[in-house]
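What follows is one structure encoded as structure tokens, with my remarks underneath.
Values in this text are rule-based calculations from the coordinates and carry no lab data. Being a predicted model, the structure only gives us computed values, none of them experimental. A quick note on method: Cβ atoms are made from the backbone with ideal geometry, for glycine too, and the neighbour counts reach across all protein chains shown.
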Amino acid sequence: MSIRELDSAFVAGTYNRFPVEIVRGKGSVVEDVDGKTYIDMGSGIGVTSFGIADDTWRQAVTDQIAKVQHMSNLYYTEPCVRLAQMLCEKTGMKKVFFSNSGAEANECAIKVARKHAAEKKGADCFTIVTLENSFHGRTLTTLAATGQTHYHELFQPLTPGFVHVPAGDMDALREAAAANKIAAVMIECIQGEGGVVPLSMDYVQALAQFVKENDILLITDEVQTGNGRTGKLYAYMNYGVEPDIVSTAKGLAGGLPLGATLLGEKVQNVLGFGDHGSTFGGNPVCCAAACSILSRIDDALLAEVREKSDYVFRSLQNADGVESVSGMGLMFGIRTTKPVAEIVSACIEKGVLCLSAKDKLRLLPALNIPMDVLRQAVSVIKEVCAL
Ligand SMILES: *Cc1c(COP(=O)(O)O)cnc(C)c1O
């Protein structure tokens with residue numbers, strides 16, 4: 001049987017895969033089983049921050065694998081401690097909890113917010129406000145946090161304690177806070193799965209001010225927007241706000257599973273012995289990978305991300321068949337005249353792998369995608385949109 005037949009026979013049918021089997025790659029170019037090459041404009045959904053099989057990343061991973069691949073959190077290992085230190089020094093946050101995914105990073109954020117509120121404001125203060133059109137993960141609790149009801153329907157009852165308000169609407173937030181005892185507000189500064197929709201500067205600042213005045217925690221979900229993706233280390237840094245909790249995952253370890261929940265001053269000591277845990281969380285190989293990735297996301301790299309971003313905006317805005325381009329840094333949502341599924345398929349034909357989000361074309365290329373490769377991909381996308 002072919003891999004496609006075996007997949008449909010043995011792998012749970014949750015993914016409607018494209019008819020492409022990738023066997024290897026280097027940087028931003030991947031190769032399929034027939035030897036056809038593609039420019040990778042999705043980087044595993046914003047995961048392979050420095051591309052496929054990047055030499056520096058690979059060295060960090062293989063060096064750590066040769067030493068110790070896992071020990072559990074019963075003992076100290078250096079990479080997780082170094083990574084926590086690096087994350088705190090780069091953000092001003094105080095403590096880090098490590099897990100394996102974005103959903104788990106958000107679960108931890110939610111648990112911290114609930115415990116903090118229960119201790120400080122009483123057991124009835126547990127509601128977390130999130131935004132409509134948000135995406136926070138697939139576990140029952142992070143699904144409940146996700147402000148898109150179509151994800152909820154098949155899995156009732158979800159974890160209670162979440163209220164969704166429309167993004168950009170401060171009055172709706174004030175009303176939600178008047179009607180419920182709010183522990184935290186959780187936002188994606190740029191709604192990724194929701195179609196790469198940045199929140200407005202005014203709204204994020206007003207929201208941050210409001211939660212501060214009302215002793216409510218601010219959680220920013222930086223699972224997709226974090227680790228250099230938006231041209232700053234974390235997306236909230238574009239907005240001049242200071243979250244109390246930051247969750248991240250996707251691009252953090254450059255292609256290995258790692259989630260991190262960063263805890264600010266107010267909540268740094270909320271978690272005590274036994275309050276939370278993870279068998280794989282803080283795994284030395286994943287953390288060594290993340291140390292390598294984070295140490296390379298410096299000012300020069302971030303400036304490059306912003307330059308390439310400008311190039312993509314300039315090239316695609318006003319292009320034939322393109323209605324609008326939204327996003328920030330190397331995170332783009334492109335509304336096309338033709339249905340996005342057609343665009344994605346035509347791009348595959350022409351050797352470019354793109355993502356979609358809702359009804360938009362979504363691009364999340366590697367942060368270090370070479371300019372000539374980016375130009376080639378953009379020219380294919382332009383051509384396909386214009387057809
Ligand atoms: C992808 C994503 C998640 C979920 O991450 P997983 O690693 O798939 O659990 C959560 N929040 C946001 C904003 C995401 O983009």
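Numerical summary
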item	result
Per principal axis, descending, Cα span of region 175-260 in whole Å	42, 23, 22
Relative exposure of THR248, THR91, THR146, judged by other C-beta atoms within 10 Å (fewest first)	THR91, THR146, THR248
Candidates per chymotrypsin sites (Phe, Trp or Tyr not before Pro) in region 1-63, loop by DSSP, up to 16 other Cβ within 10 Å	TYR15
Region 142-298 - charge dipole about Cα centre, Lys and Arg +1 at Cβ, Asp and Glu -1, debye rounded to 20	400 debye
Choice from VAL11, VAL312, VAL163 showing the highest fluctuation, given a GNM over the chain with Cα pairs closer than 10 Å	VAL11
Share of alpha-carbon pairs per 10 Å distance bin for region 271-387, given as whole %	12, 37, 23, 17, 8, 2
Two-site FRET efficiency, LYS67 against HIS152, from Cβ-Cβ distance with R₀ of 56 Å, rounded to 0.05	0.80
Surface/4 estimate of mean projected area, convex hull on alpha-carbon atoms of the chain, nm²	19.6 nm²
Value of D in µm² per second that Stokes-Einstein yields for region 92-163, Kirkwood Rh from Cα pairs, at 4 °C (1.567 mPa s)	100 µm²/s
LEU131, LEU173 arranged by Cβ crowding within 10 Å, fewest neighbours leading	LEU173, LEU131
Loop-resident sites, region 58-110, for chymotrypsin sites (Phe, Trp or Tyr not before Pro), counting at most 12 other Cβ within 10 Å (DSSP)	TYR75, TYR76
All-pairs alpha carbon distance profile, region 68-294, 5 Å steps from 0, percent	1, 7, 15, 20, 21, 17, 11, 6, 2, 0, 0
Cα centre as origin, Lys/Arg/Asp/Glu Cβ charges: the chain dipole, Debye	400 debye
Ranking of CYS286, CYS347 by count of other Cβ atoms within 10 Å, fewest first	CYS347, CYS286
Proximal lysines relative to LYS382, as straight alpha-carbon distance under 18 Å, when same-chain residues fewer than 8 apart are discounted	LYS308, LYS338, LYS350, LYS360
Contour minus Cα-Cα distance for ALA118 and LEU301 (0.36 nm per residue)	61.7 nm
Cα centroid separation - region 232-287 against region 88-131, whole Å	10 Å
Residue among SER99, LEU173, VAL325 farthest towards the positive dipole end of the chain, charges placed on Cβ	SER99
